[in-house]
Amino acid sequence: DRSNGLREFELDESEWVLAEDVMKYLKDGTLFFSRASPNLQKVIPAMDKIDEYFTTRLKDESLNVAIRAAIISAKSTLNKYYALTDDTEVYRIAMVLDPRYKLRYFKKAGWDDEWIQTS
């Protein structure tokens with residue numbers, strides 16, 4: 001029945017493309033974090049990259065309300081797990097010990113000097 005009042009929430013072709021893009025990005029992230037051999041030094045940068053992607057998408061004012069809600073929910077979940085990295089030093093230690101990151105990543109990401117020194 002097409003008279004249920006939900007027609008306004010139907011996605012158009014460009015919104016389906018965006019939804020598929022978001023799903024691919026989430027799938028890539030899920031596969032990265034589900035590896036048998038995790039790379040601790042890459043967890044924070046990967047989470048930052050996903051957060052940047054969500055933030056960029058949310059700046060699009062024409063974004064369908066359903067897609068916007070899904071991205072906001074995913075960003076909220078990501079932030080919850082990101083906050084948990086503060087409870088253990090192992091992620092930051094792994095990054096500092098990795099010659100590709102050291103403290104440069106934290107400085108480039110704009111972390112407060114106090115947080116960097118804690119790392």
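Ordering Ile93, Ala46, Phe32 by the projection of their Cα atoms onto the charge dipole of the chain, which places +1 on the Cβ of Lys and Arg and -1 on the Cβ of Asp and Glu, puts Ile93 at the extreme positive end.
Loop-located GluC sites (Glu not before Pro) in segment 20-106 (DSSP state not H, G, I, E or B) with no more than 10 neighbouring Cβ atoms inside 10 Å: Glu61. For the chain, the membrane-span-like helices by this rule, meaning whole DSSP H stretches whose C-alpha atoms cover at least 20 Å of axis and whose Kyte-Doolittle mean is -0.5 or above, are 13-33, 43-58, 65-84; this says nothing about an actual membrane. At full extension, Glu10 and Tyr25 could sit 3.2 nm farther apart than now, given 0.36 nm per residue minus the alpha carbon distance. Computed with a 1.4 Å probe over protein heavy atoms only, the accessible surface of the chain comes to 72 Å² per residue. The value given for segment 6-59 is a Kirkwood hydrodynamic radius of 12.9 Å, derived from the mean inverse Cα-Cα separation. Helical content alone sets the calculated 222 nm signal of the chain at -20000 deg cm²/dmol, taking -39,500 (n - 2.57) per DSSP H segment of four or more residues and averaging over every residue. The convex hull around the C-alpha trace of the chain, projected and averaged over every direction, spans 9.8 square nanometres. In terms of distances greater than 19 angstrom between alpha carbons, the cross-link table entries Lys49/Lys107; Lys75/Lys102; Lys24/Lys75; Lys27/Lys107 yield Lys75/Lys102; Lys27/Lys107.
Assuming charge only on the beta carbon of Lys and Arg (+1) and of Asp and Glu (-1), the dipole of segment 13-119 about its Cα centre is about 380 debye to the nearest 20. How many angstrom separate the Cα center of segment 1-40 from the Cα center of segment 83-113? If you average the Cα positions of each part, the centres end up 29 Å apart. Extending 7 Å from Cα along the Cβ direction at Ser34 and again at Arg104 yields two label points whose distance is 3.3 nm.
In loop segments of segment 1-64 as defined by DSSP, the trypsin sites (Lys or Arg not before Pro) with at most 12 further C-beta atoms inside 10 Å of their C-beta are Arg2, Arg35, Lys59.
The values are calculated or read from the model by the stated rules, or taken from the named source; none is laboratory data. These numbers were taken from a predicted model, which means no experiment stands behind them. Reconstructed Cβ throughout: ideal geometry from the backbone, glycine too, with neighbour counts over all protein chains shown. We work out accessible area using only protein heavy atoms, side chains counted, and drop any ligands, DNA or RNA first. Shrake-Rupley method; radii C 1.70, N 1.55, O 1.52, S 1.80 Å.
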